[in-house]
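> Dropping the structure in here first, questions after.
What follows draws every value from the coordinates through simple rules; no lab data is involved. Only a predicted model underlies this, so the values are computations on that prediction, with no experimental measurement involved. So basically every Cβ, Gly included, is an ideal-geometry build from the backbone, and we count neighbours across all protein chains shown.
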Amino acid sequence: MSSSTPVWERPEPPERPAPSPLSRARIVAAAVALADAEGLGAVSIRKVAAELDAGPMRLYRYVDTKEELLELMVDAVYAEIPAPAGRTWREAVRSAAQGMREAALAHEWFADLLGGRPRLGPASMAHGDALLAAIRAAPGVPDIDTAMRIAETLSLFLNGAVRKEVAERRAERATGQNVSQWQAASGPYLERMLATGRYETLAEAVQEARHLDAAETFETGLAYLLDGFEANLPAA
């Protein structure tokens, strides 16, 4: 049965002599390494215990459930993200967004755990606080409610953008085709479909639009979003 006290507030059990000393930090590091190598589906208390040469029951002295372990793993990744930095609020928000993207590309499973309820780990909260502070400092942001709406909208963009990029990387590994190779393989069918005349705007996009890589797409979308925020704020 899980404890009613959040893992963040529970002290670790006292150390005891054992062939493989344990701590929450070691458990989380092993779980992160396992998820990086084999995906989130490979993470279980049993498998993490095996990586640490320990019995599963020993791990339950440190974490009550797999869900707690996932929370700790997410917080460990947030701890890797640099604090938002920049001379202006836009630069600070952009640096925070780039940090999230880089974290998700380094730990693809992290993208699967974005969204949902807010994360309450200390690193997660510190990241959220710093990002919200950067937005709150923007000229024209009149109150914390407006800052929250901006932060929520930014979060929706980041979650969707990094999940899409991670999904493309996974598809490339699964099929052995990168985007260009997939486009070349799909080209004859797509040309036949577009030749029917039923998809005029899509045909224009395929044939005439500039196709950006993942990094350019991310930066362009983020710039549009920041421009929109700025345009809808009262004058400083």
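> I need the trypsin sites (Lys or Arg not before Pro) found in region 184-227, filtered to DSSP loop residues with at most 10 other beta carbons within 10 Å of theirs.
R198, R210
> Same structure, new question: Once fully extended, how much extra length lies between A33 and D213, figured as 0.36 nm per residue of separation less the alpha-carbon to alpha-carbon distance? Intermediate values should be presented prior to the final figure.
Values: separation 180, 0.36 × 180 = 64.80 nm, distance 2.81 nm.
This chain segment gains 62.0 nm when fully extended.
> Using the alpha carbons of region 7-76, what is the convex hull volume per residue in cubic angstrom, as a whole number? Let's see the in-between values first.
Numbers: hull volume 5.3 nm³, N = 70.
Convex hull volume per residue, Cα atoms: 75 Å³.
> Filter the trypsin sites (Lys or Arg not before Pro) in region 1-99 down to the DSSP loop ones having no more than 10 other Cβ atoms within 10 Å, then list what survives.
Loop-located and lightly packed - R87.
> Please report the relative contact order for region 82-231, taking Cα pairs under 8 Å with a sequence separation of at least 6, and give it as a percent rounded to a whole number.
Value for region 82-231: 22 percent.
> Another question, if that's okay. Per residue and in Å³, how big is the convex hull formed by the alpha-carbon atoms of region 82-231?
Value for region 82-231: 146 Å³ per residue.
> Calculate the dipole size of region 78-236 relative to its Cα centre from +1 charges on Lys and Arg beta carbons and -1 charges on Asp and Glu beta carbons; express the result in debye to the nearest 20.
The calculated dipole for region 78-236 is roughly 300 debye.
> Just in region 198-235: which chymotrypsin sites (Phe, Trp or Tyr not before Pro) are loop by DSSP and have at most 16 other Cβ atoms within 10 Å? Each step should come with its number before you reach the end.
Values: sites: Y199, F218, Y224, F229; in loops: Y199.
Sparse-neighbourhood loop chymotrypsin sites (Phe, Trp or Tyr not before Pro): Y199.
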